[in-house]
Amino acid sequence: MNVVTRRLLPVPELPDTLELTAVVEPELVVRVAAEVPGRISRRAERVGALTWHGREYPAGAPLEEGEPVSAGEPIVYLNRDLLQARYDRALAQFEYDEREFRRIQELFERGSTSKKELDDARTRRDVSKAALDEVARELERTTVQAPISGILNRYPMQVGEYAGPGDVVAEIVVLDRVKVVIDVPERDVHCLHLGDEVTIVAAAPQEHQLVGRITYISALADPGTRTTRIEVLVDNHDHRLRSGQIVRARLTRRVLRDALMIPLAAVIPLENGYSVYVVRDGQAEMRQVELGVLKGRDVQVLSGLAPGDELIVAGHRYVGPGQTVNIVERQ
């Protein structure tokens with residue numbers, strides 16, 4: 001019988017990879033809230049000039065949705081009329097109490113008043129100072145500033161609306177780095193560790209690959225799908241990855257050393273396992289094999305074959321044990 005054979009050689013290193021669908025999420029989504037109550041009087045203008053992705057943003061231009069914003073830069077201004085009135089009153093009270101304290105202090109030094117009156121004056125002055133500082137801090141917070149640098153994604157509230165403490169007045173998104181979220185099956189999650197490299201493949205607008213590292217592995221599996229959430233942090237300074245984009249993630253479960261790989265087509269299924277044929281002394285010899293990892297059209301052989309064996313890869317289904325064979329091609 002004419003057959004085609006292949007001399008088996010071990011592969012020094014063979015990554016056992018798993019490819020799964022994943023979703024891109026921003027690294028951070030910060031919802032900036034008002035800390036003091038007030039009506040939104042106006043949106044801020046850009047403090048300094050900025051160049052971002054080849055586009056110029058001049059100083060003094062309105063800060064619009066979808067544009068970059070720097071940490072500490074004003075975003076919106078709240079009406080400060082009522083707080084300004086409270087501040088003026090607190091300032092007047094503090095100045096009065098400060099003068100009274102100094103007057104009583106001079107009287108005490110001359111022995112014209114008691115120490116209790118001096119202590120009471122000092123307490124009134126300190127209380128007034130604390131009230132003045134409190135109103136001053138509230139007045140500062142009528143200017144809502146960006147806590148981080150990123151993209152000013154949107155203004156949830158319009159100019160003229162009343163914002164109470166805790167109401168979101170702006171949303172900032174960080175896309176310079178993104179999280180790629182993967183739901184990993186239960187049988188594979190134990191092979192992954194924090195810091196492992198993951199290749200991210202994006203198809204649109206054209207296929208390109210990025211490399212990230214695992215930064216988070218959930219301690220709890222989803223009870224419905226029996227999958228575990230894993231997050232991969234990927235550098236995205238060119239913003240090629242968009243929030244919500246579907247990508248493919250290639251994870252390496254392990255690296256096989258000296259793996260013996262054979263064509264899957266050379267394997268003959270049996271009722272209680274698998275077999276292959278090798279050529280020995282010009283005759284076909286049947287071998288029982290144990291299979292491991294499937295890699296494309298090849299499969300790993302865990303036992304039954306050894307490096308140097310001459311495996312029959314074509315014509316193996318037409319031979320029997322001990323049959324003389326004619327090798328027409330050696331791969």
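Each reported figure results from applying straightforward, stated rules to the coordinates on display, with no laboratory input. Every value quoted in this text rests on a predicted model; they were computed, and no experiment measured them. Heads up, the Cβs are rebuilt from the backbone with ideal geometry, glycines too, and the neighbour counts pull from every protein chain shown.
Pick out which of Ser303, Ser41, Ser149 has the largest mean-square fluctuation in a Gaussian network model of the chain, springs linking Cα atoms closer than 10 Å.
Greatest mean-square fluctuation among the candidates belongs to Ser303.
Pick out, in residue order, every one of the trypsin sites (Lys or Arg not before Pro) in region 245-331 that is DSSP loop and has at most 13 other C-beta atoms within 10 Å; say none if there are none.
Answer by residue number: Arg297.
Students often forget the sequence filter, so: which lysines lie under 17 Å Cα-Cα from Lys116 once same-chain residues fewer than 8 apart are removed?
Excluding near neighbours in sequence, the set is empty.
Which listed residue (Gly244, Val289, Ile268) has the Cα farthest towards the positive end of the charge dipole for region 215-293, taking +1 on Lys and Arg C-beta and -1 on Asp and Glu C-beta about the Cα centre?
Selected residue: Gly244.
Under 16 Å from the Cα of Lys115, which aspartates and glutamates turn up, not counting those fewer than eight places away in the same chain?
Glu100, Glu106
Just flag the GluC sites (Glu not before Pro) in region 259-329 sitting in loop per DSSP whose Cβ has no more than 10 other Cβ atoms within 10 Å.
Glu271
How many nm is it between the label spots at Tyr162 and Val127, if each spot is 7 Å from the Cα in line with the beta carbon?
Using points 7 Å along Cα→Cβ, the separation is 3.0 nm.
Let me have the 222 nm mean residue ellipticity of the chain computed from DSSP H runs of 4+ only, each contributing -39500 (n - 2.57), with the sum over all residues rounded to the nearest 500.
After summing the helix terms and dividing by the residues of the chain, the value is -6000 deg cm²/dmol.
Taking 0.36 nm per residue of separation and subtracting the Cα-Cα distance, what length does fully extending Tyr318 through Gln105 add?
65.2 nm
Give, as a single signed number, the net charge of other residues whose beta carbon lies under 11 Å from the beta carbon of Arg280, with Lys and Arg counted +1 and Asp and Glu -1.
With Lys, Arg at +1 and Asp, Glu at -1, the neighbours total -3.
Efficiency by 1/(1 + (r/R0)^6): what FRET value for Lys115 and Leu91, r their Cβ-Cβ distance, R0 = 35 Å, to the nearest 0.05?
After rounding to 0.05, the efficiency reads 0.80.
Contour minus end-to-end for Val11 and Glu98, with contour as 0.36 nm per residue of separation and end-to-end as the Cα-Cα distance?
Gain on stretching Val11 to Glu98: 22.8 nm.
Mean separation of Cα pairs under 8 Å and 6+ residues apart, divided by the residue count of the chain: what relative contact order is that in percent?
Averaging sequence separation for qualifying contacts and normalising by length gives 29 percent for the chain.
For the chain, with a Gaussian network of springs between Cα atoms less than 10 Å apart, report the residue from Thr123, Thr225, Thr252 with the top mean-square fluctuation.
So, out of Thr123, Thr225, Thr252, the one fluctuating most is Thr123.
Quick one: go through region 68-91 and flag any residue whose amide nitrogen is under 14 Å from the point 7 Å out along the Cα-to-Cβ line of His53.
Once the point is set 7 Å along Cα→Cβ of His53, 68-69 turn out to lie under 14 Å by backbone N, inside region 68-91.
By how many nm would the segment from Glu64 to Ala203 grow when fully extended, if each residue of separation counts as 0.36 nm and the alpha-carbon distance is taken off?
So the chain would gain 47.0 nm between Glu64 and Ala203.
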